[in-house]
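Below is one structure, written out as structure tokens; comments come after it.
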Amino acid sequence: MKKKNKTTFNYNLKNGRKVVYKGTTNNPERRLDEHLEGGKKFTHMQVVGRAKTPNGANKEEARQLATYRRNNGGKNPKYNKTKKG
């Protein structure tokens with residue numbers, strides 16, 4: 001049986017204790033630099049959980065965003081775009 005390639009992480013950008021972005025990446029350091037260059041205002045990046053397959057990380061991001069919206073009046077974190085469905 002072929003081993004799954006678990007190379008992708010879920011992460012949050014936080015401003016203090018407040019989550020302002022949820023995302024996935026296979027390179028947290030590079031992604032942090034990209035966010036800094038993009039002008040997002042945040043205090044730190046928090047990697048959430050263990051490495052997952054890219055598909056698993058995308059599913060987890062969708063689950064985390066749905067939970068966030070359920071607990072925050074239907075809104076995404078500040079820098080996550082609202083997806084039209």
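Just so it is clear, none of the values below were taken in a lab; they were calculated from the coordinates. Because the structure is predicted, anything quoted here is derived from the model rather than measured. All Cβ positions, glycine included, derive from the backbone under ideal geometry; neighbour counts span all protein chains shown.
Remark on the stretch 40-80: hydrodynamic radius 11.7 angstrom, per the Kirkwood mean of 1/r across alpha carbon pairs. Computed over the chain, the convex hull of the alpha-carbon atoms projects to a mean area of 6.6 nm². Pairs of alpha-carbon atoms within less than 8 angstrom and 6+ residues apart define the contacts here; what relative contact order does the chain have, in percent? This gives 36 percent for the chain. Between residue 69 and residue 26, what's the calculated FRET efficiency when r is the beta-carbon distance and R0 is 25 Å? Round to 0.05. The calculated FRET efficiency here is 0.50.
With the helix formula -39500 (n - 2.57) applied to DSSP H stretches of n ≥ 4, the chain reaches a computed 222 nm mean residue ellipticity of -10500 deg cm²/dmol. Within a straight-line Cα-Cα reach of under 25 Å, residue 81 can be paired with the following lysines, leaving aside sequence neighbours fewer than 8 residues apart in one chain: 14, 18, 22, 40, 41, 52, 59. Extending 7 Å from Cα along the Cβ direction at residue 81 and again at residue 4 yields two label points whose distance is 2.8 nm. Angle of helix 54-71 to the longest C-alpha principal axis of the chain, folded into 0 to 90 degrees and rounded to 10: 30°.
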